[in-house]
1. Which pairs do you get when a residue that is of a type in the set (Ser, Thr, Tyr), found in the stretch 117-136, comes within reach of a residue that is open to solvent by 80 Å² or more (accessible area, probe 1.4 Å), reach meaning Cβ atoms under 8 angstrom, with the pair 6+ apart or on two chains?
2. May I ask you to list the residues in the stretch 147-157 that are open to solvent by less than 60 Å² (accessible area, probe 1.4 Å) and part of a helix (DSSP H, G or I)?
3. Please specify each residue of the stretch 111-138 satisfying the condition of being open to solvent by 60 Å² or more (accessible area, probe 1.4 Å) and over 47 Å from the mean Cα position of the chain (by Cα).
4. So, in the stretch 165-193, exactly how many residues are surrounded by fewer than 11 Cβ atoms within 10 Å (Cβ to Cβ) and either under 16 Å from ALA130 (Cα atoms) or aromatic (Phe, Trp, Tyr) (or both)?
5. Out of the stretch 24-78, which residues are polar (S, T, N, Q), modelled with pLDDT under 80 and open to solvent by 70 Å² or more (accessible area, probe 1.4 Å)?
Amino acid sequence: MIKAFARRSARPARGALFTISVLLIGSAVLRIGLNASEAIALEKSQPKTEASETAEASCETVGDLNSMLAAFREREERVAAQEQQIKNRMQALAVADEKIDQKLAALSKAEKDLRATLALADSAAETDLAQLTTVYENMKPKDASALFEQMAPEFSAGFLGRMKPASAASIMAGLSAERAYSISVILAGRNANVPKE
């Protein structure tokens with residue numbers, strides 16, 4: 001019994017599916033038929049003037065494309081010209097940078113040479129002063145005093161400040177009181193303006 005019941009319930013489902021699929025297929029055929037007849041009717045009713053208008057529209061599109069291509073070419077030429085200008089400027093800047101580097105190197109060398117020359121001049125001047133001071137120290141105090149009496153007080157104070165105290169005292173003793181006083185004032189005030197701290 002159970003088998004007979006199972007067979008009965010399976011049959012009505014197959015019949016319903018078959019009926020639904022036939023109806024769907026029929027609906028599809030009707031729709032295709034209706035749409036196809038409309039498309040055929042529209043194609044036959046289009047006059048020849050519309051076909052020529054579409055051809056002219058396609059020609060206008062080609063004209064538009066040509067103008068767009070011309071505009072693109074002009075823009076490309078402008079961009080290429082600007083790129084060339086930038087390239088030229090970059091080359092000019094590179095040349096200018098190279099010249100600046102050369103000038104800086106030349107200035108550095110000149111500064112180094114100048115410092116060496118100044119150091120040599122300072123050294124030579126110091127050597128000359130040291131030798132002249134030694135000459136004055138080795139002179140007889142009477143002869144040296146006569147020379148120092150003739151020198152400007154600032155100049156003679158410079159030599160006396162470099163001498164050994166005993167030699168300087170012997171020379172100062174032979175100077176006039178006024179000259180000895182002015183040299184003493186210069187020697188005493190020489191370091192007065194030096195910062196204490």
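The values are calculated or read from the model by the stated rules, or taken from the named source; none is laboratory data. Bear in mind that the values here come from a model prediction, so they are computed numbers and not experimental data. Positions of Cβ are backbone-derived with ideal geometry, glycine not excepted, and every protein chain shown enters the neighbour counts. For the accessible areas, the whole protein counts, side chains as well, though only heavy atoms, and no ligand, DNA or RNA atoms are used. Shrake-Rupley method; radii C 1.70, N 1.55, O 1.52, S 1.80 Å.
1. Hits for this filter: THR133/ARG162.
2. Selection gives PHE148, GLU149, PRO153, SER156, ALA157.
3. GLU126, THR127, ASP128, LEU129, GLN131, LEU132, THR134, VAL135, ASN138
4. 1
5. Filtering the stretch 24-78 for residues polar (S, T, N, Q) gives 27, 35, 37, 45-46, 49, 52, 54, 58, 61, 66-67.
Next, only the ones that are modelled with pLDDT under 80 stay: 35, 37, 45-46, 49, 52, 54, 58, 61.
ASN35, SER45, GLN46, THR49, THR54, THR61, listed by residue number.
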